[in-house]
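Below is one structure, written out as structure tokens; the observations come after it.
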Amino acid sequence: MWNHSSVWGAIDALAARHGLSVSGLAKKAGLDATAFNPSKRHGGDGRPRWPSTESIAKILTATGEPLQSFVDLSARRKRPPQWDAIGRGGIPGAFRPVPLLGLAQAGAGGFFDDGGFPAGQGWDEVAVPGVKDEEAYALEVAGDSMLPLYRDGDIVIVSPVAQIRRGDRIVVKTSDGEVMAKILERQNAAEIEVASLNPDHANRVLPAASVEWMARILWASQ
């Protein structure tokens, strides 16, 4: 039997199945990007809000999923869903929510502390599989600047506490607000050299003092 939690859980699981945040799923279906945000699931008085049948129909059409898939996902929400059962990507493990922010937003102030940890308000959430790092969070790629590895709408899971070694894929934020996904080439006390994910772009050497934080990419939905 459907209830408020299982219906919203099915939307979360459907988004994760297709490697999307709930915002990405809404946009893919031609809906307002905030249509499925956690803040929209209850009214100001605390009463539960339900998604409309029209919005459910639109996300099923956009993802090519039959109604039975949505019914199955809502039923499966009663127990911890497994990625190998309902998702793609080959990473087993139970889903759990992590903070989510658009990559472009990450360059603005107020979302991170000095160590690169989520802070402040404005974060969404996305359910991801098999990520045990309690400090991990998600960034949603926008545009084509990170092709060919990361496409518009891909979700990148990063950790500000994971050890970073040469050759690791990382997200870097500079003091001027630039946020970029790169590959660490070398690092010393004076400078950090990073390679672009796009081989057509040359390496960049950043003064160490200009880098606010670096976080290692743990996983990406592709």
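Out of all the residues in segment 53-64, is one or more under 23 Å from residue 138 (Cα atoms), modelled with pLDDT of 90 or more and β-branched (Val, Ile, Thr)?
Yes, there is a match, as at least one residue in segment 53-64 is under 23 Å from residue 138 (Cα atoms), modelled with pLDDT of 90 or more and β-branched (Val, Ile, Thr).
Would it be correct to say that residue 176 is surrounded by 12 or more Cβ atoms within 10 Å (Cβ to Cβ) and touching a residue at least 24 places away in the same chain (Cβ under 8 Å)? Give the steps one after another, and end with the answer.
Details: surrounded by 12 or more Cβ atoms within 10 Å (Cβ to Cβ): no; touching a residue at least 24 places away in the same chain (Cβ under 8 Å): yes.
Against the criterion (surrounded by 12 or more Cβ atoms within 10 Å (Cβ to Cβ) and touching a residue at least 24 places away in the same chain (Cβ under 8 Å)), residue 176 does not qualify.
Residue 41 versus (1) surrounded by 16 or more Cβ atoms within 10 Å (Cβ to Cβ); (2) at pLDDT 90 or above: which is the lone unmet condition?
(2)
Given the criterion surrounded by fewer than 13 Cβ atoms within 10 Å (Cβ to Cβ), among the hydrophobic types (A, V, I, L, M, F, W, C) and either touching a residue at least 40 places away in the same chain (Cβ under 8 Å) or not assigned by TED's automatic domain parsing to the domain that holds residue 155 (or both), identify the matching residue among 73, 67. Spell out how you get there, then give the answer.
Numbers: 73 fails: surrounded by fewer than 13 Cβ atoms within 10 Å (Cβ to Cβ).
From the options 73, 67, the qualifying one is 67.
Could you grab me the full set of residues in segment 31-61 that are closer than 22 Å to residue 99 by Cα and part of a helix (DSSP H, G or I)?
38, 39, 40
Filter segment 28-38 down to the residues that are surrounded by 15 or more Cβ atoms within 10 Å (Cβ to Cβ) and free of Cβ contacts under 8 Å to residues at least 12 places away in the same chain and list them by number. Can you show your working first?
Of segment 28-38, the ones surrounded by 15 or more Cβ atoms within 10 Å (Cβ to Cβ) are 28-29, 31, 33, 35-37.
The answer is 33, and nothing else.
Within segment 156-168, track down each residue that is at pLDDT 90 or above and surrounded by 14 or more Cβ atoms within 10 Å (Cβ to Cβ).
The answer is 164, 168.
Contact list please: Cβ distance under 7 Å, first residue in segment 183-201 and touching a residue at least 24 places away in the same chain (Cβ under 8 Å), second residue loosely packed, with under 12 Cβ neighbours inside 10 Å and assigned to a loop (DSSP other than H, G, I, E, B), pairs at least six apart or on different chains.
Qualifying pairs under 7 Å: 184/166; 184/167; 198/148.
Here's the yes/no breakdown for (1) in contact with a helix residue (DSSP H, G or I) (Cβ under 6 Å, 6 or more places away or on another chain); (2) at pLDDT 70 or above; (3) not aromatic (Phe, Trp, Tyr):
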residue: 113; (1), (2), (3): no, no, yes
residue: 118; (1), (2), (3): no, no, yes
residue: 121; (1), (2), (3): no, no, yes
residue: 126; (1), (2), (3): no, yes, yes
residue: 136; (1), (2), (3): no, yes, yes
residue: 142; (1), (2), (3): no, no, yes
residue: 145; (1), (2), (3): no, no, yes
residue: 148; (1), (2), (3): no, yes, yes
residue: 153; (1), (2), (3): yes, yes, yes
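The values are calculated or read from the model by the stated rules, or taken from the named source; none is laboratory data. All figures in this text were calculated on a predicted structure; none of them were measured in a lab. Every residue, glycine among them, receives a Cβ derived from its backbone with ideal geometry; neighbour counts consider all protein chains shown.
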